[in-house]
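Colleague: Sharing a structure below in structure tokens format, with a few things to ask.
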Amino acid sequence: SELWQNVPLAPPDSIFKLTAAYKADTFEQKINLGVGAYRDDNDKPWVLPVVRKAEEIILNSVALDHEYLPITGLPEFTVAAAKLILGSDSTALSQGRVTSVQTISGTGANHLGALFLSRFYQFAENKEIYLSDPTWANHPAIFNNVGIAPVYYPYYDPKTIGLNYDGFISSLKSAPSGSIFLIHACAHNPTGVDPTREQWGAIADIMLEKEHYGFFDCAYQGFASGDLDNDAWAVRFFVDKGVKMLVCQSFAKNAGLYGERVGALHIVSPTKEAAERVKSQLSVLQRSEISNPPTYGARIVTLILNNTSLFSEWKRDISTMAGRIIDMRKELHKILTEELHTPGNWDHIVNQIGMFSFTGITPEQSKALTEKAHIYLTVNGRISMTGLNRNNIRYFATSLDAAVR
Ligand code: PMP
């Protein structure tokens, strides 16, 4: 037979397909609520002013060259990134128990973490990982790629449009001891539903008791509440409690560096010596996959994290983005409940957190929004809050109102 004849044609990625359909649409009031990237109030991508400043410094720095970075990344970057997520007063850090490796953004951190576990973790029974139902569409693919089978724990309750806390807890309790649970550190994608601090406490207790391993994915630090420390709370809490875990970190959203692919994987070990052994193996794995991580974005983030005035400016930029999203949540909630008296309860719009909101509408209603109103969203009813702005929110609210009546 002909070469590649047995290669099946794969369907296009649903999010990128949605964007293409949006772009091809000529309707003036069309809205794209699929994309997971920040847009300003004029629906434009936003280069953070602090990033522009850092770029200028880099551009004018004659000392910088284009040599390879070390295999595990720019050391000033990984050290500062670890402090950002784990806290500068982290005991695990001061005890030298954390291995940090620069990765190809959050996706690369997930992949490297998954690859490491597939090689070295002593799996309870089967080689599997518990993912939240639902989760980021890439998670199952990333684990399947390295031979770890995704299984699911209940997370979202369609009846309350909130957390299925009891389902989550009973899954933690019934899973074999030493199971791996993937946990969204904050701003759960796609639901926008996070556990409360009290609930996190109970989750951590069971994880300790059952010796489960926490695979924390943190793609939205600062983006959820507008506060970097607040959004890292769960991660720091679990590390302090002594839950066995790793953290995947991305600077795509909070620094608006999507295409630069800046991220890190942090593996917390019981001892400094174990952390060194882990580091040696992560270097071997990274070497065969990417050899050396990219310099540009890591340099930008390093400047921002290590310079007091740039760091303060970054925090302001982050609260600009998070604040606009929170404003849109309030505005949408207000129009639906106070002006349009849309049937149903819409409190979840303001209670959910981060870039996404699960509206709770049916796939049919979601399709109707796209077909009749030219509003593009995933059929599960997830909307990216950053696609809303002062100019289109009223059109969106009225269309949503019409779709659910
Ligand atoms: N994890 C989750 C839950 C995400 O939503 C994303 C971004 N969509 C990522 C990881 C990684 O994104 P990136 O590779 O762009 O950092």
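Colleague: Out of the residues in segment 357-404 that are of a type in the set (A, V, I, L, M, F, W, C) and over 18 Å from Tyr22 (Cα atoms), state the one that is surrounded by the fewest Cβ atoms within 10 Å (Cβ to Cβ).
Modeller: Ala402
Colleague: Taking only pairs six or more apart or across chains, which ones have beta-carbon atoms under 7 Å, a first residue in segment 258-281 that is near the ligand (Cβ under 10 Å from one of its atoms) and modelled with pLDDT of 95 or more, and a second residue that is in a helix (DSSP H, G or I) and of a type in the set (A, V, I, L, M, F, W, C)?
Modeller: From segment 258-281, the pairs are Val262/Ala298; Val262/Val301; Gly263/Ala109.
Colleague: Which pairs turn up if I take residues in segment 179-196 that are more than 12 Å from Phe238 (Cβ to Cβ) and look for partners that are within 9 Å of the ligand (Cβ to nearest atom) and β-branched (Val, Ile, Thr) with beta carbon separation below 9 Å, at least 6 apart in sequence or on another chain?
Modeller: Going by the 9 Å Cβ cut-off, the qualifying pairs are Leu182/Thr135; His184/Thr135; His188/Thr135; Asn189/Thr135; Pro190/Thr135.
Colleague: Residue by residue through segment 102-125, note down the ones that are assigned to a loop (DSSP other than H, G, I, E, B) and either crowded, with 21+ Cβ neighbours inside 10 Å or at pLDDT 95 or above (or both).
Modeller: Those that are assigned to a loop (DSSP other than H, G, I, E, B) and either crowded, with 21+ Cβ neighbours inside 10 Å or at pLDDT 95 or above (or both): Tyr121, Gln122, Phe123.
Colleague: Still on this structure: Tell me, which residue of segment 133-144 that is in contact (Cβ under 8 Å) with a residue 60 or more places away in the chain and in a loop (DSSP other than H, G, I, E, B) is farthest from the ligand (Cβ to nearest atom)?
Modeller: Pro134
Colleague: Would you check which residues across segment 237-268 are assigned to a loop (DSSP other than H, G, I, E, B), closer than 21 Å to Ile104 by Cβ and not aromatic (Phe, Trp, Tyr) and list them?
Modeller: The answer is Ala252, Lys253, Asn254, Ala255, Gly256, Leu257, Arg261.
Colleague: Now a separate question. Out of all the residues in segment 320-328, is one or more more than 16 Å from the ligand (Cβ to nearest atom), surrounded by 21 or more Cβ atoms within 10 Å (Cβ to Cβ), over 29 Å from Ala82 (Cα atoms) and touching a residue at least 40 places away in the same chain (Cβ under 8 Å)?
Modeller: Yes, that holds for at least one residue.
Colleague: Which residues, taken from segment 276-316, are among the polar types (S, T, N, Q) and outside any helix (DSSP H, G or I)?
Modeller: Ser291, Asn292, Thr295, Asn307
Colleague: Count, please, the residues in segment 15-45 that happen to be in a loop (DSSP other than H, G, I, E, B) and within 16 Å of the ligand (Cβ to nearest atom).
Modeller: 8
Colleague: While we're on this one: For segment 47-62: of the residues being in contact (Cβ under 8 Å) with a residue 12 or more places away in the chain and not in a helix (DSSP H, G or I), which is farthest from Ser309 (Cα to Cα)?
Modeller: Out of the qualifying residues, it is Val47.
Colleague: Restricted to segment 242-257, and to residues that are aliphatic (A, V, I, L, M) and more than 13 Å from the ligand (Cβ to nearest atom), which residue is nearest to Gly226 (Cα to Cα)?
Modeller: Once the filter is applied, the top-ranked residue is Leu246.
Per-residue answers, yes or no, for (1) more than 14 Å from the ligand (Cβ to nearest atom); (2) among the hydroxyl-bearing types (Ser, Thr, Tyr); (3) at pLDDT 95 or above:
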{"residue": "Val146", "(1), (2), (3)": "yes, no, yes"}
{"residue": "Tyr155", "(1), (2), (3)": "no, yes, yes"}
{"residue": "Ile161", "(1), (2), (3)": "yes, no, no"}
{"residue": "Asp166", "(1), (2), (3)": "yes, no, yes"}
{"residue": "Ser170", "(1), (2), (3)": "yes, yes, yes"}
{"residue": "Lys173", "(1), (2), (3)": "yes, no, yes"}
{"residue": "His184", "(1), (2), (3)": "no, no, yes"}
{"residue": "Ala187", "(1), (2), (3)": "no, no, yes"}
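Colleague: Could we say that Ser88 is surrounded by fewer than 21 Cβ atoms within 10 Å (Cβ to Cβ), free of Cβ contacts under 8 Å to residues at least 12 places away in the same chain, of a type in the set (Ser, Thr, Tyr) and away from the ligand (no atom under 16 Å from the Cβ) here?
Modeller: Here the answer is yes, as Ser88 does meet what is asked.
Colleague: Counting just the residues of segment 340-351 that are part of a helix (DSSP H, G or I) and without any contact (Cβ under 8 Å) to a residue 24 or more places away in the chain, which one comes out farthest from Gln221 (Cα to Cα)?
Modeller: Top of the filtered list is Asp347.
Colleague: Hey, another quick one. Can you confirm whether Thr295 is more than 13 Å from the ligand (Cβ to nearest atom), over 28 Å from Gly178 (Cβ atoms) and touching a residue at least 24 places away in the same chain (Cβ under 8 Å)?
Modeller: yes
Colleague: Let me ask something additional. Kindly check whether there is at least one residue in segment 173-191 that is charged (D, E, K, R) and either buried (at least 24 other Cβ atoms within 10 Å of the Cβ) or outside any helix (DSSP H, G or I) (or both).
Modeller: No, that holds for no residue.
Colleague: What are the pairs with Cβ atoms under 6 angstrom where one residue, in segment 234-248, is under 21 Å from Val101 (Cα atoms) and the other, located anywhere, is outside any helix (DSSP H, G or I) and acidic (Asp, Glu)? Sequence gap at least six, or different chains.
Modeller: Cys248/Asp217
Colleague: Somewhere in segment 75-85, is a residue away from the ligand (no atom under 16 Å from the Cβ), farther than 27 Å from His188 by Cα and hydrophobic (A, V, I, L, M, F, W, C)?
Modeller: Within segment 75-85 (the criterion being away from the ligand (no atom under 16 Å from the Cβ), farther than 27 Å from His188 by Cα and hydrophobic (A, V, I, L, M, F, W, C)), the answer is no, since none of the residues qualifies.
Colleague: Would you point out the residue of segment 7-41, among those that are modelled with pLDDT under 95 and among the polar types (S, T, N, Q), that is nearest to Lys253 (Cα to Cα)?
Modeller: For segment 7-41, the residue satisfying everything is Thr19.
Colleague: Determine whether segment 383-391 contains at least one residue that is more than 24 Å from the chain's Cα centre (by Cα) and not in a helix (DSSP H, G or I).
Modeller: Yes, segment 383-391 has at least one match.
The values are calculated or read from the model by the stated rules, or taken from the named source; none is laboratory data. Owing to the predicted nature of the structure, the values given are computational and were not obtained by experimental measurement. With ideal geometry, Cβ positions are generated from the backbone for all residues, glycine too; neighbour counts draw on all protein chains shown.
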